[in-house]
Amino acid sequence: MRHLYHELWRYAAGARGLLLGAFALLVGSQLFKLAVPWLAGQAINQIQSGGLSGLPHAGLLLAGVFCATAASWAMHGPGRVLERNAAMRVRETLFAALTRRVLDAPLAWHEARHTAETVSRVNQATGALYGFAESQYIYLQNGVRLFGPVIALWLIAPAVGIVAVCGYMVLGFLISRFDRRIMTYSLRESQTERRLSAALVDSLGNIATVFALRRRNGVANMMLERMRATFPPLRRSMVINEAKWCTVDLLSALLWCVLVALYAWLAASGASGPDHQVLKLGNVFMVYEYAREAGDVITAIAVHYSGIVGTQASYAAAQPIEAAGIEKWADALEPTGWRQLRIEGLRFHHAAARGEAPALEGVDLALQRGRRYALVGPSGAGKSTLLRLLAGLDRPQAGTIGFDGELLADPAAALRLEATLIPQQSEIFEGTLRENLLLGASADDTQLDAALRLAAAEDFVAGLVQGLDTVVAERGANWSGGQRQRLALARAMVAAQGSSLLLLDEPTSSLDPDTERKVLDRVLASHAGACVVSSVHRLNLLDRFDEVVLMQDGRVLDAGPPGDLALRSQAFRDLLSAQTASSA
């Protein structure tokens, strides 16, 4: 629990005044409530000792009961408002910190984890700390209602106070032992819940594939198995929880009975001193009320401690995110005046591909600014991997990269300031078409129209009733693959403005040949001063490029103008022949 308070204070930065103000009001509210049994008990004592003549004084004390209750609520309401406002600030700060940490993490970290699991971790952690922050009134209330009655019992009879402290310590120890076991099973349950969430997201997100392959029953059974995996730790937790409740309830009832009996015995025997030789009914009432109240608090602590155990388990979901490394991702292009980019001895091995051959091995390449390069080769040759490295998305395990003869100390960070990679995947985001094109950036409609024209999407968008304000269906499911790809390309053109190194990973593969040629010509013309490197599948487009880079098995076999390469490379001629035969 101490860790939760540390995190609460950490993420309450900027709202700590609200938090402390809420604490003060909520504690004050409970102190007023604490006075109610004392006032009521004193009223009973007045009636017992003074009879009818004591009624006026007793009436004033009972009026004090009402005033104390009213004062308690006068402080509780504003305190809760301040508390919940502070909780919202905590949630906002934590959410911003976790999402920033996720966005700062290396790409390899993301690829090693399921997206749904990461989303679940962010939601679990923010929800847990938010719930903890807005529930402080419960913990403050329990704290005052536990220590306050114990002090009151001590003042009434020290021996009763000592027995109460010992009894509550035993109860607290037992609760902690029970909940330590429950915590273990809560962590296991959270892990299985995240796997279930990942299965649901994958299955529903790829529902067209599920329908097309007639796999509804199989997917339903898979999700059911994931659901069943959450039950074993839950069942164990349920048994332990019921045993805890039985123990706490019985011992709490026993304790307050013992305390009342102890006070009565002390008063009857005169062991509490001359002031307690007469058994005052008001004092008996106070002992009963304070003992019962403290017992109720112990029961409440058992309830809320279980909640804290769950909160700790949920907040712990953020640990892998906080432990993720931090990359120096670029937020904007900062192109320099470089003329040549040289790569020597480049080697790259995917972190998840243990025991497999490197994706790239011994790659040497020289790229000139203002020239166009086509990457060709069979599937798995390493073209996409090379483009990712040139974009600075991955870091090579070996090799050097430099601009104009000067080696880069941090090639990935430097390349991110120069390069823009346009991937083959047509990823469409939730929101309007305008939001998809901008992704939080700023650009006017003139720039957006220019980007749509480069992607040959201007006519398609013009035909939409709401134009750029059209709401996109999930993953753009209401558009064809070619339309989605052109919109994704237009978005990339907005981001690529000013880029000195433009990297194309077959971003036009879903377009028909005529549209693909038109789009490629427009893109190349708009980036005449940049170095363009493109992975090319349709080899009839090679006449648009100055040089061809032939790759196979993660290596560069040869590079040169298309005509020269066709004369000297049998592997290149085989590629040309294979595509000619397949299109015949």
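Scanning region 292-332 for residues that are modelled with pLDDT under 80, of a type outside the set (Gly, Ala, Ser) and not assigned by TED's automatic domain parsing to the domain that holds residue 182 yields 328, 329, 331.
Being over 12 Å from residue 536 (Cα atoms) and over 33 Å from the mean Cα position of the chain (by Cα) is the filter; apply it to region 373-397 and report the residue that is modelled with the lowest pLDDT. Here the answer is 380. Checking each residue in region 451-471 for being surrounded by 14 or more Cβ atoms within 10 Å (Cβ to Cβ) and either in contact (Cβ under 8 Å) with a residue 40 or more places away in the chain or outside the structural domain of residue 517 (by TED's automatic domain parsing) (or both) picks out 451, 453, 454, 455, 456. Applying the condition of being among the hydrophobic types (A, V, I, L, M, F, W, C) and crowded, with 18+ Cβ neighbours inside 10 Å to region 398-413 and asking which residue is modelled with the lowest pLDDT yields 412. Within region 414-433, if we keep just the residues that are at pLDDT 90 or above and among the small types (Gly, Ala, Ser), the residue that is nearest to residue 347 (Cα to Cα) turns out to be 414. When we screen 29, 49 for residues that are small (Gly, Ala, Ser) and at pLDDT 85 or above, the only hit is 29. Of all residues in region 315-342, those satisfying the criterion of being closer than 27 Å to residue 533 by Cβ and of a type in the set (Phe, Trp, Tyr) are 329, 338. The helices (runs of 4 or more DSSP H) found wholly in region 146-247 and carrying at least 3 residues that are over 29 Å from the mean Cα position of the chain (by Cα) and crowded, with 17+ Cβ neighbours inside 10 Å occupy 158-205.
Checked against the criterion of being surrounded by fewer than 18 Cβ atoms within 10 Å (Cβ to Cβ) and either polar (S, T, N, Q) or part of a helix (DSSP H, G or I) (or both), region 11-19 has at least one qualifying residue. Is it fair to say residue 515 is within 35 Å of the chain's Cα centre (by Cα) and in the same structural domain as residue 377 (by TED's automatic domain parsing)? So residue 515 does not fit the description; no. Of all the numbered requirements in (1) under 30 Å from residue 284 (Cα atoms); (2) free of Cβ contacts under 8 Å to residues at least 60 places away in the same chain; (3) among the aliphatic types (A, V, I, L, M), residue 251 misses one, and that requirement is (2). Of the listed requirements (1) part of a helix (DSSP H, G or I); (2) modelled with pLDDT under 90; (3) within 33 Å of the chain's Cα centre (by Cα), residue 460 misses just one: (3). Of the residues 43, 68, 35, 22, the single one that is closer than 19 Å to residue 86 by Cα and buried (at least 17 other Cβ atoms within 10 Å of the Cβ) is 22.
Residue by residue, here is whether (1) closer than 29 Å to residue 344 by Cα; (2) in contact with a Phe, Trp or Tyr (Cβ under 8 Å, 6 or more places away or on another chain); (3) basic (Lys, Arg) holds:
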| position | (1), (2), (3) |
| --- | --- |
| 509 | no, no, no |
| 513 | no, no, no |
| 517 | no, no, yes |
| 529 | yes, no, no |
| 550 | yes, yes, no |
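Set side by side, the residues 69, 93 differ, and just one is under 30 Å from residue 167 (Cα atoms) and polar (S, T, N, Q), which is 69. Tell me yes or no: at least one residue of region 120-138 is assigned to a helix (DSSP H, G or I), surrounded by fewer than 21 Cβ atoms within 10 Å (Cβ to Cβ) and in contact with a His (Cβ under 7 Å, 6 or more places away or on another chain). Yes, the conditions are met somewhere in region 120-138. Of all the listed residues (194, 180), the sole one being at pLDDT below 80, of a type in the set (Lys, Arg), within 30 Å of residue 150 (Cα to Cα) and assigned by TED's automatic domain parsing to the domain that holds residue 148 is 180.
Residue 372: under 21 Å from residue 520 (Cβ atoms), in contact (Cβ under 8 Å) with a residue 12 or more places away in the chain and either touching a Cys at 6+ places or on another chain (Cβ under 9 Å) or surrounded by 15 or more Cβ atoms within 10 Å (Cβ to Cβ) (or both), yes or no? In short, yes.
Cβ separations smaller than 8 Å between residues 6+ apart or across chains give the following pairs from region 47-73 residues that are closer than 19 Å to residue 280 by Cβ to residues that are among the β-branched types (Val, Ile, Thr) and modelled with pLDDT of 75 or more: 58/44; 65/36.
The values are calculated or read from the model by the stated rules, or taken from the named source; none is laboratory data. This is a predicted model, so every value here is computed, not measured. Please note: Cβ atoms are built from the backbone with ideal geometry, for glycine as well, and neighbour counts cover all protein chains shown.
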